[in-house]
Amino acid sequence: MRLVRIGLCLLLAFSVLAFGAVETWSVSLLEIGAALLLVAWAFIVSRDSGAKIQWSALNAPLLGFLAIGLLQLLLHRTAYPFLTRQELLRLAAYFIVFFLTAQAFRSRADLWALAWFLVVLCFAVSLLAIIQHFTSNGRIYWFQEVASGADVFGPFVNRNHFAGFLELTLPVGLALLAFRGVRRDLFPLVALLTIVPVSALVLSGSRAGIMSFVFAMAVLALLVRSRQELRGPRMAAVVLVALAALALIAWVGVSGIVERFSPQNSVGISLSRRASMFRGAAHIFLDHPVIGSGLGTTVSVYPRYETEYDGRVVDHVHDDYIEALAETGLLGGLCGLAFLWRLYRHARENFQAEQSHFSRALHAGAIAALSALLLHSFADFNLHIPSNALLFLVMAYLATSAPLPSEFAAQRRRQPAGEHVSVVR
Amino acid sequence: MEFPLEGMGMRRALPVAALATAALLIYPAAKIWIASRQIHSGRLDRMERGAALVPGDGEAWDRLGRFEQFDFANPNSSLAIADYRKAIEDDPLSAYYWMDLASAYEDTGDLTHAADAYNQSRNAYPSSALVAWNYGNFLLRQQDYPEAYAQIRLAIERDGSLLPIAISRAWRSSGDVNQLIGRVLPANPDAYLQALDFLASIQQTDAALALWQRLAAMGKPFALQPTFAFFEELIRADRGDDARRAWPQALAAAGLPHDEPANHSLIWDGAFATDFANGGLGWRWDSPIGAEMDFDSAPPASGARALRLDFNGGTNLALDGPSQYVPVEPASAFHFHALMRTDQISTDSGIRFSIMDPNHPAEAALLTDNFIGTHPWTAVDADVTTAADTHFLLVRVFRSPSQFFDNKLSGTVWIADVSLVPSRAAGAQLLP
């Protein structure tokens, strides 16, 4: 199973570094990679007589989306079948990655490795983004030109999608600090690995991203507060990290960032434009209330509903919720609601269960990350960026994964009765 | 929930199921990737293979169609039509595919189908400026002017950047400024000013004047600078009366003082009360090297300010400013008056005033006395008579380059109370 774990991590890293996997070649590689990993997993598991398949409560609503797409194709209820087929392929790849994550990352060691992978990936991409921001000429990796009007940050063609990536990965490291999920001697390392991403987030100037991150911190603080006990979690470490990050940004220069929040700032999508896109998508939903206009068809259907013209092609309406309703109708809406309901219900149960500090940190970090991105999804389309969609599902798995007992409790279970157990964190 | 994999059967079925699932995913993913590379290759044979690989991709067929339609060597609109129709079968909601189809039909002379295709594109994207623009231009080519102008106006209202080219197209199709004003231009000063600029650039003075009158009648504010091209055209066309009427209107619209000069002077702001307009019928100064301009207090019993020119002694300056174009009556006499003061003006070629007809330089040319050295405030007076075809005079502060070795101009000159009034006085000082 190590092959599958490594493969999944490589696939996640690839999707992030390949500009968020928004281009045809990278999406195709992602889909092919997911399929190959599925085959590898199947062969590995088939040779293990004691193997068990983990079935997440979130699988059903995810498969529900796939079923809606298939139904749209079979019943010719999609405005553009080719786009729906493409979207179905992407969703299938996402589901495979989510499914395999649940199979491959179960033990403490596996989750420990995954957590560190996410923290290091977050740090490395953030460091790249900061250096690129100050030294590049608007190109990704200093050589890749992007279309005019793109708002590059890090490996992403849009600063808001970079922010979405950070919202999904940064809380893991912060939660490890807050919930003492790592040994004390590793605190400085984890702190360093989180200061840089916080600075990168502020430097990106993504207003929705920064606000969503603040919301994630509020969620984290609430979760910390719910566990106030002796030797319980503390937000002090997180606050120190945030202050250090802000100090770093202040040293670098904040004028450009402050400008982004100015009411006079005309960069990006205006409020009236966002409102008109929302209205257009709402009308699409009202015209296709049951099954929607077709997965992936917003770019094709929206022009007929556009009221505020600005010459730009609208491939997403900057609100993942209304776009999902428009494309999949009430059926998709029900799947979405079911997904969110199950997600938060299981996440809450698993967070509150008895478990090790590390396990609780992982759950808390995942809950904060998911909450941030779900808030950001009211103003952007991060869930349509393949790398962020994959990370979202990985976080969804972590939030709903079974809590891990503490080492002490695990050792007690393993020890025969009557023998002493040394206390190990 | 956990499901144990019980029995050999299940454990054997799992890889088979995984392989089948993988095949269902890998095959189409690979096809899409390969097709994408081929479609964007720029080679017809590869594009055809790419389009055939993913037959449901409208974009592939549209690209192919455009390649065939606009191939320099062998354009083939009939083949392009077939490709565009396939694109539309895949994505009937794409306004762009319908417009491409319309364009191909028009190329083959099938105007009925072209019009139908444009109407479909309008249905697909009712709010698009591009659709309205393309349809409007199609109608222009068919000489259906009323509907064409309506579509072009719609396009301009949605996308203001189309205005300059819309003005050009509409004018060239009709040559009628009333059509332009009534049917094409949005009723706002910015649109009218851009049209004014265009008409001035093609020297359509009468049309520009008609447009100006409508602009002034609008009663809405607008900046002064965008009107300069119009005034340059009036000066070029020797339309002195029109310029004299229009200038106060332009000043008023820009929120600037626009009262007629005192004492019936034809020179605007001869007392230098306001900053230079640098265009139109106002004072102009082009900041030559070697000279600096500023304002000082006026001499006693005189106007608001005095103009001061400082010369730094670095150049043998050829000075022809500040200057002002003054509309005048032909075959009339005028009296020019100014106050001048100098301080250590060097060289033999000093500062004087030049008055000439810019459109007929040989007529009504006049140079006042040459001021060098130091002089207190001194009145400079001259009489000038305009010729029968003189409608403008160019009044300017003037210095011709010195012919001697010691020719670098230094010193300071002050000028105040510049006026040009109609006079019954006879005679004029002519340039020797």
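The values are calculated or read from the model by the stated rules, or taken from the named source; none is laboratory data. Note that the structure is predicted; figures quoted are calculated from it, not measured. Please note: Cβ atoms are built from the backbone with ideal geometry, for glycine as well, and neighbour counts cover all protein chains shown.
Details
- Only residues that are under 20 Å from residue A:95 (Cα atoms) and facing chain B (nearest Cβ under 8 Å) were counted in region A:30-50, giving 11.
- Boolean, residue B:114 is away from every other protein chain (no Cβ under 14 Å), touching a residue at least 12 places away in the same chain (Cβ under 8 Å) and buried (at least 24 other Cβ atoms within 10 Å of the Cβ): no
- Residue within region A:13-23 that is modelled with pLDDT under 95 and facing chain B (nearest Cβ under 7 Å) present: no
- The single condition among (1) within 13 Å of another protein chain (Cβ to nearest Cβ); (2) over 26 Å from residue B:34 (Cα atoms); (3) among the charged types (D, E, K, R) that residue A:77 does not meet is (1).
Listed here are the residues, each with its yes/no results for (1) under 28 Å from residue B:133 (Cβ atoms); (2) aromatic (Phe, Trp, Tyr); (3) more than 20 Å from the chain's Cα centre (by Cα).
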| site | (1), (2), (3) |
| --- | --- |
| B:190 | yes, no, no |
| B:197 | yes, no, no |
| B:222 | yes, yes, no |
| B:239 | no, no, yes |
| B:253 | no, no, no |
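- Being among the β-branched types (Val, Ile, Thr), more than 9 Å from every other protein chain (Cβ to nearest Cβ) and under 49 Å from the mean Cα position of the chain (by Cα) is a property that residue B:39 has.
- Residues that are touching a helix residue (DSSP H, G or I) at 6+ places or on another chain (Cβ under 7 Å) number at least 2 in the following strands (runs of 3 or more DSSP E) confined to region B:251-336: B:319-327.
- Residues satisfying the stated conditions in region B:73-95, i.e. among the hydroxyl-bearing types (Ser, Thr, Tyr) and either crowded, with 22+ Cβ neighbours inside 10 Å or assigned to a loop (DSSP other than H, G, I, E, B) (or both): B:84, B:94
- Residue that is surrounded by the most Cβ atoms within 10 Å (Cβ to Cβ) [pool: residues in region A:285-297 that are at negative phi and within 11 Å of chain B (Cβ to nearest Cβ)]: A:293
- Scan of region B:257-301 for residues that are within 12 Å of residue B:415 (Cβ to Cβ), among the small types (Gly, Ala, Ser) and free of Cβ contacts under 8 Å to residues at least 24 places away in the same chain, ordered by number: none
- Matching option when the condition is in contact (Cβ under 8 Å) with a residue 40 or more places away in the chain, within 30 Å of residue B:54 (Cβ to Cβ), at the interface with another protein chain (Cβ under 8 Å from one of its Cβ atoms) and of a type outside the set (A, V, I, L, M), among A:86, A:72: A:86
- Whether a residue is in a helix (DSSP H, G or I), charged (D, E, K, R) and at the interface with another protein chain (Cβ under 8 Å from one of its Cβ atoms) was assessed, and residue B:11 passes this test.
- Candidates A:29, A:11, A:63, filtered to the one that is of a type in the set (A, V, I, L, M, F, W, C), in contact (Cβ under 8 Å) with a residue 24 or more places away in the chain, in a helix (DSSP H, G or I) and crowded, with 18+ Cβ neighbours inside 10 Å: A:11
- Test: residue in region B:401-411 that is assigned to a strand (DSSP E or B) and without any contact (Cβ under 8 Å) to a residue 60 or more places away in the chain: no
- For residue A:4, the test of being part of a helix (DSSP H, G or I) and facing chain B (nearest Cβ under 7 Å) is failed.
- Single residue of B:263, B:188, B:178 found to be at pLDDT below 95, among the polar types (S, T, N, Q) and closer than 22 Å to residue B:276 by Cβ: B:263
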